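The values are calculated or read from the model by the stated rules, or taken from the named source; none is laboratory data. Model, not experiment: these values are computed from the prediction. Cβ: placed from backbone, ideal geometry, glycine included. Neighbour counts: every protein chain shown.
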Amino acid sequence: MKKILLVGVLYTSLFADNLDILNKDKKELRELEKKILKEEHESSKNEWISPININSSLNRNHSFSEETNSLSKGVSLGFSQSIYESGGIEFTIKYANEKYKSDFLAWENQNKQILQTVYETLLEINKINIELKQSEYELKNKEIELTLKRIQYENGDTDITELNNAIMAKNSQFQQNVNLKNSLKQQELILAKYTNLKYDEISLINFDNIEKEKYLKKNIDLLYENSLVNLADTSYKKQKTNYLPKVSVSTSISYSHNENLVSDEKSDNTSGAIGLSLSMPLYDINKKPTLEKAKLEVIKQKLSLIDLKNEISKDFDETLTKIDTYREYNKIIEDNIKLYNDLIEVNQASNAVGMSSDYDLEILKNTKKINEYDLVINDINMQLEYAKLYFKIKVNN
């Protein structure tokens, strides 16, 4: 069965938002939203350009007191266009561009959240499969413990309470297996919401370490927040131009046809006009509060950016702390495995001469295997933590 390297797909997605791993409907929806953003951008950056208007008329006049009856037809074409707004036109275009950058970053961030869900779901599926294998060895140990307790009880070396506890421990392990299998089905259903690929058709590659400076520089949430700062600043500058001089040019051309239906006289008339106008508001009672509010929005957005950067910095440290904790756990587990290797070697020697039981040796081997699975599970837990960082990086910025 052909496998897809998911992280390879995800790296491509980080560079170009490649959504090929998603099912057809989700991919088409994401692409459609991207097209909508582009169309909105084209519309907003050209909103300062006035439309060309055409007007037509048809009039029939009849007088009941006089012998007059006339018909007139007319058509005119014209437009009025602002050609200078003290920087307002430039800021309108800049605002549209900044808005598109901001919206596109939000779109990319949504893509990353979807891909992160896919990646984390796959890791959870892998972890549950490992936990199921681990649980089988734990169940074997519980069965051995129950057998030993039964022998001890039958020999009068223990009471019914301890035997009952061994029975309950075995049943609890059975229930744990059932719960893990149900969890596996749930994760597979979650995966099916996003992709038609099965979990075993996708290969995962581990993420590498990431530097904090790079993470803060290319974090998509910070880039988005910074884009909002630029957007607020441009909006403030654009609003200031509303109270400065503006120059507009207007032009029109018209044609009319008149008929006197009584005298059968006809006339045609063609005319054109062009004008230049200067306007500037002399007084607006809302000018000061309007501009002050826009200015405060810029300050607020800058403070929000600083606050978010502090939060993300702490989140980064917290994530690395969790990863370091898993590494410390693995060191302890690796020491345990070395100890179990020594105990197994000693037990095999004593077992060969009949000084220890087969049960002791099997418990040691099973426990060693359980610890080995713990190493794999912790590695997956570390990848889940790394995913929180990697899916927040905009690589092509």
| query | Taking the stated definitions as given, is Glu42 modelled with pLDDT of 75 or more and out of contact with any helix residue (DSSP H, G or I) (no Cβ under 7 Å at 6 or more places or on another chain)? | reply | yes
| request: Return the only residue of Lys287, Lys293, Lys302 being within 30 Å of Ser50 (Cβ to Cβ), in the same structural domain as Gln383 (by TED's automatic domain parsing) and surrounded by 14 or more Cβ atoms within 10 Å (Cβ to Cβ). | output: Lys287
| Subset tally (residues that are at pLDDT 90 or above, over 19 Å from Glu40 (Cβ atoms) and of a type outside the set (D, E, K, R)) for the stretch 88-114 | 2
| task | Might you check whether a residue that is within 25 Å of Ile380 (Cα to Cα), assigned to a helix (DSSP H, G or I), in contact (Cβ under 8 Å) with a residue 12 or more places away in the chain and small (Gly, Ala, Ser) occurs anywhere in the stretch 302-312? | result | no
| query | When you go through (1) more than 30 Å from Leu222 (Cβ to Cβ); (2) in contact with a Ser or Thr (Cβ under 8 Å, 6 or more places away or on another chain) one by one for Asn182, which number turns out not to apply? | reply | (2)
| Among the residues listed as Ile205, Ile210, the single one being surrounded by fewer than 14 Cβ atoms within 10 Å (Cβ to Cβ), more than 28 Å from Leu148 (Cβ to Cβ) and β-branched (Val, Ile, Thr) | Ile205
| task | Among the residues of the stretch 309-348, write down those that are in contact with a helix residue (DSSP H, G or I) (Cβ under 6 Å, 6 or more places away or on another chain) and among the hydrophobic types (A, V, I, L, M, F, W, C). | result | Phe316, Ile323, Ile333, Ile337, Leu343, Ile344
| query | Is it the case that Lys331 is more than 30 Å from Val229 (Cα to Cα), among the basic types (Lys, Arg) and without any contact (Cβ under 8 Å) to a residue 12 or more places away in the chain? | reply | yes
| field | Of residues in the stretch 256-283 being part of a loop (DSSP other than H, G, I, E, B) and loosely packed, with under 11 Cβ neighbours inside 10 Å, the one modelled with the lowest pLDDT | value | Asp264
| query | Restricting attention to the stretch 363-397, which residues are among the basic types (Lys, Arg) and under 21 Å from Tyr215 (Cα atoms)? | reply | Lys388, Lys392, Lys394
| note | Among Gln348, Gln383, the single one that is surrounded by fewer than 17 Cβ atoms within 10 Å (Cβ to Cβ) and either of a type outside the set (A, V, I, L, M, F, W, C) or in contact with a strand residue (DSSP E or B) (Cβ under 6 Å, 6 or more places away or on another chain) (or both) is Gln348
| message | If I ask for residues that are among the hydroxyl-bearing types (Ser, Thr, Tyr) and under 52 Å from the mean Cα position of the chain (by Cα), which ones from the stretch 331-372 would you list? | response | Tyr340, Thr367
| For Ser76, are the conditions met, namely being outside the structural domain of Leu231 (by TED's automatic domain parsing), at pLDDT 75 or above and hydroxyl-bearing (Ser, Thr, Tyr)? | yes
| query | Hey, any hits in the stretch 126-148 for a residue that's outside any helix (DSSP H, G or I), exposed (fewer than 14 other Cβ atoms within 10 Å of the Cβ) and in the same structural domain as Asp379 (by TED's automatic domain parsing)? | reply | no
